[in-house]
Amino acid sequence: IKGLCLDPKDYAASQSVSGGAYTGGTKIIKICGLTNPKDALVACRAGANLLGVIFAEKSKRKVSVEQARDIVVAVRKFGERSDRMEFRMNVSNKDTPLSALVAKSRALELAARRPLVVGVFQNQSFDFIKEMVDKCGLDLVQLHGSEGMEAANSSNFGVPALRVVDIELGSDGTEEEKKDRSSMDTAAAILSKVTSDPIAILLDTSIKGDKHGGGGTGKTFDWTIAESIQNMGLPVIIAGGLTPDNIGEAVGNVRPFGIDVAGGVEAGPGVKDVDKLQKFIGGAKKAAVEASKGF
């Protein structure tokens, strides 16, 4: 029965927290930058687990309270639920940050069997984030600024938080980290800074010198960084420059815990292209099945 990993603790143990690699494959598909219920339902029907609505001030996909609430209502109706999703996270103070995040990732996977709505914020006050959580009925939040790792503790907002870690690119779009260290060194540096506060870690690109912060670059980073982090035991979600054309390669080669896309499936800012969205999710699912063979 233990082998079934029905409890997050069992899952953590199965992933060899003392140093074993994450080999579970892609479990989470996040479609971000949604602005209307119609697109959200297309994503739900195609098989998305997380639906992102953006509250960041500088985003061209920023939503109002009313837009976010309408999306939440539609997603809850699709998932046949009437309230915010609860997460079963059996984590103790004795857990290391790595073991806690492994268990929490499993809890996210289980909860996201019904699609969940994530509010994306960037350097905004805890009070504002909590207000949006309450007014809109968000299931999770995502911190995409310089708030720090500890800011992602669920006690700050009443719901779990994804914590974004930026992989910085130079102004020419090439990777800054590559100039000074290997992908394994970068992965080790990221792992050394994680805490047990978030529910999961999301890697995204940022442009050096961009005052608006990371995300929305349309650029990919070196996926071997994500691969190295997972080889060290931590499941990660990857974002940045993903499209229907490269998602098969990303999922097949890296086998990330999750994938996240916004602009790669759009007809225009905040408006999804149904064909691109369906091809993206379908391609990800097909690649995940193929990649899982032999594991």
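Taking 35 Å as R0, compute the FRET efficiency from the Cβ-Cβ separation of E290 and R113 and round it to 0.05. After rounding to 0.05, the efficiency reads 0.95.
The 3J(HN,Hα) values that the Karplus relation (6.51, -1.76, 1.60; θ = phi - 60°) gives for the range 31-46 are, in residue order, 9, 10, x, 6, 10, 8, x, 4, 5, 4, 6, 4, 5, 4, 5, 6 Hz. Gly and Pro appear as x. Here the label points at A188 and N231, each 7 Å from Cα along the C-beta direction, are separated by 1.2 nm in the simple model. For Q142, nonlocal amide neighbours, meaning residues 5 or more places apart or on other chains whose placed amide H falls under 5 Å from its own, are G119, V120, F121, L162.
For I167, nonlocal amide neighbours, meaning residues 5 or more places apart or on other chains whose placed amide H falls under 5 Å from its own, are D204, T205, S206. Placing R0 at 41 angstrom, the Cβ-Cβ distance between D275 and V65 gives a FRET efficiency of 0.85 after rounding to 0.05. Between (1) 24.9; (2) 18.9; (3) 20.0, which matches Kirkwood radius over Cα pairs in Å calculated for the structure shown? Correct label, based on the coordinates given: (2). What the phi angles of the range 191-205 give under the Karplus curve with 6.51, -1.76 and 1.60, with θ = phi - 60°, is a coupling list of 4, 5, 9, 6, 10, 7, 5, x, 8, 6, 9, 10, 9, 9, 8 Hz, glycine and proline written as x.
Highest mobility in the GNM of the chain, judged by mean-square fluctuation with C-alpha springs under 10 Å and restricted to N153, N231, N93, is found for N93.
For A267, the residues whose modelled amide H falls within less than 5 Å of its own, excluding neighbours fewer than 5 places apart on the same chain, are K272, D273. Using a cut-off of 21 Å between Cα atoms, the listed pairs K30/K94; K104/K293; K60/K285; K38/K286; K38/K62 include K30/K94; K104/K293; K60/K285; K38/K286 as exceeding that distance. Estimated at 0.36 nm per residue, the fully extended path between S155 and T195 surpasses their Cα-Cα distance by 13.0 nm.
Residues in the range 83-99 carry Karplus couplings, in order, of 9, 4, 6, 9, 10, 8, 10, 8, 10, 10, 5, 7, 6, 6, x, 5, 5 Hz; the curve used is 6.51 cos²θ - 1.76 cosθ + 1.60 with θ = phi - 60°, and Gly or Pro positions show x. Electrostatic tally near E290: other residues with Cβ closer than 14 Å to its Cβ, Lys and Arg +1, Asp and Glu -1, net +3. In whole percents, the pair-distance distribution calculated for the range 8-129 from its alpha-carbon pairs, binned every 10 Å from zero, is 13, 35, 32, 18, 2.
When M89, M149 are compared by accessible area of protein heavy atoms, the largest-first order is M89, M149, using a 1.4 Å probe. Between A48, A226, A151, the residue with the greatest mean-square fluctuation in the GNM of the chain (Cα pairs under 10 Å linked by springs) is A151. The longest stretch of the chain left intact once loop-based GluC sites (Glu not before Pro) with at most 13 other Cβ atoms within 10 Å are removed from consideration, loops following DSSP, is 87-295.
The values are calculated or read from the model by the stated rules, or taken from the named source; none is laboratory data. Since we're looking at a predicted model, the values are computed, not measured. So basically every Cβ, Gly included, is an ideal-geometry build from the backbone, and we count neighbours across all protein chains shown. These area figures cover heavy atoms from the full protein model, side chains too; ligands, DNA and RNA do not enter into them. Shrake-Rupley method; radii C 1.70, N 1.55, O 1.52, S 1.80 Å.
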